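The values are calculated or read from the model by the stated rules, or taken from the named source; none is laboratory data. Worth saying up front: this structure is predicted, and the values here are computed from it rather than measured. Note: ideal-geometry Cβ built from the backbone for every residue, glycine included; neighbour counts use all protein chains shown.
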């Protein structure tokens, strides 16, 4: 992320969006977490999403990963009060094998807007499907190609310029990886998509 986006992602506005918009929509479409469930947050940033999952969604344990060492340090500081129930580390969402060698480890995977940063986002969706247990839920909040093409984001160097996805393309890929999309919503004229899906089996 560039400096502007990093500042926004660590701002009270972004935290309010996660708590008041993203989480309710994700829960609406994906349903509640199993009580005490094991959750993976991909692209955890400063760790606020993981904090919400622990404090408001009843997650028993959260593994939170990000590719940016500075964000991982922030997340570790934020989540220090939950020591014993959270693990924070550096990982690439397209290959989580070092962190999660076995398949089907998680009751849920949560994406607060990381896939649009990933050049091979299809590989990331495959990894999400791999690490979810049968019946597990993938909750997602994503910025689409249309949103990335807006003037204020068009020249952001931290976003891939190719292989961007529309909302429908993301839903199709999630479904193609064996995750049945339970529902989704686009409240911002095609710029973002929120939803939930369940791993088949």
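Just to check your reading of the model, which residue among 131, 110 is touching a helix residue (DSSP H, G or I) at 6+ places or on another chain (Cβ under 9 Å) and in contact (Cβ under 8 Å) with a residue 60 or more places away in the chain? Show your work before the answer.
Values: 131 fails: touching a helix residue (DSSP H, G or I) at 6+ places or on another chain (Cβ under 9 Å).
So the residue among 131, 110 that is touching a helix residue (DSSP H, G or I) at 6+ places or on another chain (Cβ under 9 Å) and in contact (Cβ under 8 Å) with a residue 60 or more places away in the chain is 110.
Considering only residues that are in contact with a strand residue (DSSP E or B) (Cβ under 7 Å, 6 or more places away or on another chain) and under 11 Å from residue 51 (Cβ atoms), which ones fall in region 63-84?
Within region 63-84, 64, 75, 79 qualify.
Considering each residue of region 55-93, count those that are on the phi < 0 side of the Ramachandran plot and outside any helix (DSSP H, G or I), and give that number.
Of the residues in region 55-93, the ones on the phi < 0 side of the Ramachandran plot are 55-57, 59-83, 85-93.
Retained after the next criterion (residues that are outside any helix (DSSP H, G or I)): 56-57, 59-68, 83, 85-93.
Residues flagged as on the phi < 0 side of the Ramachandran plot and outside any helix (DSSP H, G or I) within region 55-93 amount to 22.
Matching residues to (1) at pLDDT below 95; (2) loosely packed, with under 15 Cβ neighbours inside 10 Å; (3) over 20 Å from residue 39 (Cα atoms):
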{"site": "147", "(1), (2), (3)": "yes, no, yes"}
{"site": "150", "(1), (2), (3)": "yes, yes, yes"}
{"site": "177", "(1), (2), (3)": "no, no, no"}
{"site": "189", "(1), (2), (3)": "yes, yes, yes"}
{"site": "193", "(1), (2), (3)": "no, no, yes"}
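Being crowded, with 22+ Cβ neighbours inside 10 Å and touching a helix residue (DSSP H, G or I) at 6+ places or on another chain (Cβ under 8 Å) is the filter here; which residues of region 76-107 pass it?
The answer is 79, 86, 88, 93, 106.
Using beta carbons and a limit of 9 Å, which pairs, at least six apart or on different chains, have the first residue in region 36-56 and free of Cβ contacts under 8 Å to residues at least 12 places away in the same chain and the second one crowded, with 24+ Cβ neighbours inside 10 Å and in a loop (DSSP other than H, G, I, E, B)?
The qualifying pairs do not exist here.
Confirm whether residue 188 is under 24 Å from residue 15 (Cα atoms), over 14 Å from the mean Cα position of the chain (by Cα), in a loop (DSSP other than H, G, I, E, B) and touching a residue at least 24 places away in the same chain (Cβ under 8 Å).
Answer is yes for this residue.
Out of the residues in region 100-111 meeting the condition of being closer than 22 Å to residue 49 by Cβ and out of contact with any strand residue (DSSP E or B) (no Cβ under 6 Å at 6 or more places or on another chain), tell me which one is modelled with the lowest pLDDT. Break it down into steps so the answer makes sense when it comes.
Going through region 100-111, the residues closer than 22 Å to residue 49 by Cβ turn out to be 100, 105-111.
Then keep just the ones that are out of contact with any strand residue (DSSP E or B) (no Cβ under 6 Å at 6 or more places or on another chain); that gives 100, 105.
Working: 100: 93, 105: 97.
Only one residue tops the list, namely 100.
Would you mind stating whether residue 128 is in contact with a strand residue (DSSP E or B) (Cβ under 6 Å, 6 or more places away or on another chain) and either at negative phi or modelled with pLDDT of 95 or more (or both)?
Working: in contact with a strand residue (DSSP E or B) (Cβ under 6 Å, 6 or more places away or on another chain): yes; either at negative phi or modelled with pLDDT of 95 or more (or both): yes.
Spelling it out, residue 128 is indeed in contact with a strand residue (DSSP E or B) (Cβ under 6 Å, 6 or more places away or on another chain) and either at negative phi or modelled with pLDDT of 95 or more (or both).
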